[in-house]
2 protein chains.
Amino acid sequence: MQSPTLSLGAGPDAVRAAIRSGEWTTQTSGLAPGYTQANLVILPRELAYDFLLFCVRNPKPCPIIDVTDVGSPVPQQAAPGADLRNDLPRYRVYEYGELVEEPTDILHRWRDDMVAFLLGCSFTFEHALVEAGVPLRHLECGTGVPMWITNRACVPAGAFSGPLVVSMRPIREDQVDRASDISARYARAHGAPVHAGDPAALGITDLAIPDWGDPTEVRDGEIPVFWACGVTPQAVALQSKPPLFITHSPGHMFVTDVPIGQLV
Amino acid sequence: MQSPTLSLGAGPDAVRAAIRSGEWTTQTSGLAPGYTQANLVILPRELAYDFLLFCVRNPKPCPIIDVTDVGSPVPQQAAPGADLRNDLPRYRVYEYGELVEEPTDILHRWRDDMVAFLLGCSFTFEHALVEAGVPLRHLECGTGVPMWITNRACVPAGAFSGPLVVSMRPIREDQVDRASDISARYARAHGAPVHAGDPAALGITDLAIPDWGDPTEVRDGEIPVFWACGVTPQAVALQSKPPLFITHSPGHMFVTDVPIGQLV
């Protein structure tokens, strides 16, 4: 249900206001063009040190955009006027690792010991790739980018360990270097690819069967290119089965005040 | 007392072995050329989350190179064969914010709840500047780089807050852009300058009186250029007066296995 009052050129403030009021309830792709969108992970304070350290040790899958003070839902660096409890269109709430609800706000779930993490999102470099004339098939097809669990381990930190998750985009052979160079500029949005070419090098046996998202055809003259994926930190954090754990719902990201250029 | 057995071209392993055995007890500037040196901060686990978050929120003064697991003195990412308890030539031990000793190892001080942080050091970009033909007066004069407390506040995190500390290097007017561009490449060694020009913009009233280090003359045709300084995190951490807090002794840094080029 897209609101007719939210123009495509609306800025982050207007977008978040429309989400907060319930006018905008769907995915955020393409909203507030030019501004960084972010993945959300909310954990209790007792797990926050290990999770923060996990992100620091694994900056490619887990680039940190902002971390709130304990008990505060306000991301002071990324959007000081926002409230992470109701400024995303849809959330996922997990109890002991089980998905229990997908509400449009989490005011009823917030606790004084919560810490919210905003992590970089591939929307940022995808936008830059398309602007630079590198077409992305999953965007053209309107399908979800395909993702796989790889055979590469993340660097563990305390309670958190697990494999790197990657997303794949087919890139025309003569554009692979260009796509790599452009995405490398966005260190806080997964940066350069982790691999280009043979999926088996990452332990991926079948490009037709992703672990998440939709299969995306790799055509003649194209190379499958793999980037570290923002699903990694969520998948890893969920393994610890905390009593309460909250994320955004896939595609329903947080729109920050941070211009994409500033994220370089 | 420099050991005759430690050649100038010795690699990080040989340098650390000479330090560990007590053969090398002086400053580390110029040792293991091409490899990153790091500031050391050791804090108890109960302060580690706030300190890690402080570093994440203030990446220019506090660029993170590595963080050990709780109770482990081994920096797995930066030098997996090293032991931070005796691989630096000299340490400073503080109790409740007071300097109580400057030993050559801290084996007697280590505890199971300790976390060690390695933070980027200006040696890295200074090396790159000199290589690129940008002379640095304090190196030529063999004096300490001058440092000041500024009027800019760091972003606070929990128990930690305080002002940004900067170092100053006079740069010839026509080389300021070049110096800025080169240091900007080393985001994990303080990155680009925070200011070039009028010291008053940072609240610095007298370039002849630094808060630490030695005064350095700014000559006609030169601009004072200010970089975020690795003293910031130590000064800020000490404000919290933890029961036990350990750092390297100034200039007596940790030599990592990380090639300078890899720190970009």
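The values are calculated or read from the model by the stated rules, or taken from the named source; none is laboratory data. Quick caveat, the model's predicted, so the values are computed rather than measured. Quick reminder, even Gly has a Cβ in these numbers, built from the backbone with ideal geometry, and neighbours come from all protein chains shown.
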**Fill in**
By residue number, the members of the stretch A:75-100 that are farther than 17 Å from A:ILE19 by Cβ and away from chain B (no Cβ under 14 Å) are A:VAL93, A:TYR94, A:GLU95, A:TYR96, A:GLY97, A:GLU98, A:LEU99, A:VAL100
**Prompt:** Does A:ARG16 fit the bill of being of a type outside the set (Phe, Trp, Tyr), within 17 Å of A:ARG188 (Cβ to Cβ) and either over 15 Å from the mean Cα position of the chain (by Cα) or away from chain B (no Cβ under 14 Å) (or both)?
**Reply:** no
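Here are some residues: B:LEU47, B:LEU43. Which one is part of a strand (DSSP E or B) and within 14 Å of chain A (Cβ to nearest Cβ)? Step through it out loud before you land on a result.
Working: B:LEU47 fails: part of a strand (DSSP E or B).
From the options B:LEU47, B:LEU43, the qualifying one is B:LEU43.
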**Item:** Odd one out for A:SER72, checked against (1) among the hydroxyl-bearing types (Ser, Thr, Tyr); (2) touching a Gly at 6+ places or on another chain (Cβ under 9 Å); (3) within 14 Å of another protein chain (Cβ to nearest Cβ)
**Value:** (2)
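Looking at the stretch A:251-258, is at least one residue out of contact with any strand residue (DSSP E or B) (no Cβ under 8 Å at 6 or more places or on another chain), touching a residue at least 24 places away in the same chain (Cβ under 8 Å) and outside the structural domain of A:PRO135 (by TED's automatic domain parsing)? Before the answer, list the steps.
As a first pass, look at the stretch A:251-258 and keep what is out of contact with any strand residue (DSSP E or B) (no Cβ under 8 Å at 6 or more places or on another chain): A:251.
Keeping just the survivors that are touching a residue at least 24 places away in the same chain (Cβ under 8 Å) gives A:251.
Restricting the remaining residues to those that are outside the structural domain of A:PRO135 (by TED's automatic domain parsing) gives A:251.
There is at least one residue in the stretch A:251-258 that is out of contact with any strand residue (DSSP E or B) (no Cβ under 8 Å at 6 or more places or on another chain), touching a residue at least 24 places away in the same chain (Cβ under 8 Å) and outside the structural domain of A:PRO135 (by TED's automatic domain parsing).
Can you pull out the residues in the stretch B:50-64 that are closer than 26 Å to B:GLU95 by Cβ and within 11 Å of chain A (Cβ to nearest Cβ)? Spell out the reasoning first.
Step one: filter the stretch B:50-64 for residues closer than 26 Å to B:GLU95 by Cβ, giving B:50-55, B:58, B:61-62, B:64.
Once the filter is applied, which keeps residues that are closer than 26 Å to B:GLU95 by Cβ and within 11 Å of chain A (Cβ to nearest Cβ), the stretch B:50-64 yields B:ASP50, B:PHE51, B:LEU52, B:LEU53, B:PHE54, B:CYS55, B:ASN58, B:ILE64.
Out of A:LEU52, A:LEU40, A:LEU6, A:LEU84, I need the residue that is within 18 Å of B:PHE54 (Cβ to Cβ) and of a type in the set (A, V, I, L, M). Which one? Even if it seems obvious, please write down each step before you answer.
Working: A:LEU40 fails: within 18 Å of B:PHE54 (Cβ to Cβ); A:LEU6 fails: within 18 Å of B:PHE54 (Cβ to Cβ); A:LEU84 fails: within 18 Å of B:PHE54 (Cβ to Cβ).
Unique residue meeting the criteria: A:LEU52.
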**Prompt:** Exactly one of (1) more than 14 Å from chain A (Cβ to nearest Cβ); (2) surrounded by 19 or more Cβ atoms within 10 Å (Cβ to Cβ); (3) under 27 Å from B:MET147 (Cα atoms) is unmet by B:PRO33. Its number?
**Reply:** (2)
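Please indicate, with yes or no, whether at least one residue in the stretch A:204-215 is farther than 30 Å from A:ARG111 by Cβ, within 14 Å of another protein chain (Cβ to nearest Cβ) and within 15 Å of the chain's Cα centre (by Cα).
Filtering the stretch A:204-215 down to residues farther than 30 Å from A:ARG111 by Cβ leaves A:204-211, A:213-215.
Imposing the further condition that a residue be within 14 Å of another protein chain (Cβ to nearest Cβ) reduces the set to none.
No, the conditions are met nowhere in the stretch A:204-215.
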**Request:** Filter the stretch B:122-137 down to residues that are modelled with pLDDT under 90 and in contact with a strand residue (DSSP E or B) (Cβ under 7 Å, 6 or more places away or on another chain) and give me whichever is nearest to B:SER29 (Cα to Cα).
**Result:** B:PHE123
**Request:** Looking only at the stretch B:154-180, count how many residues are away from chain A (no Cβ under 14 Å) and part of a strand (DSSP E or B).
**Result:** 10
**Fill in**
(1) in contact (Cβ under 8 Å) with a residue 24 or more places away in the chain; (2) farther than 23 Å from B:LEU53 by Cβ all hold for B:LEU244 apart from (2)
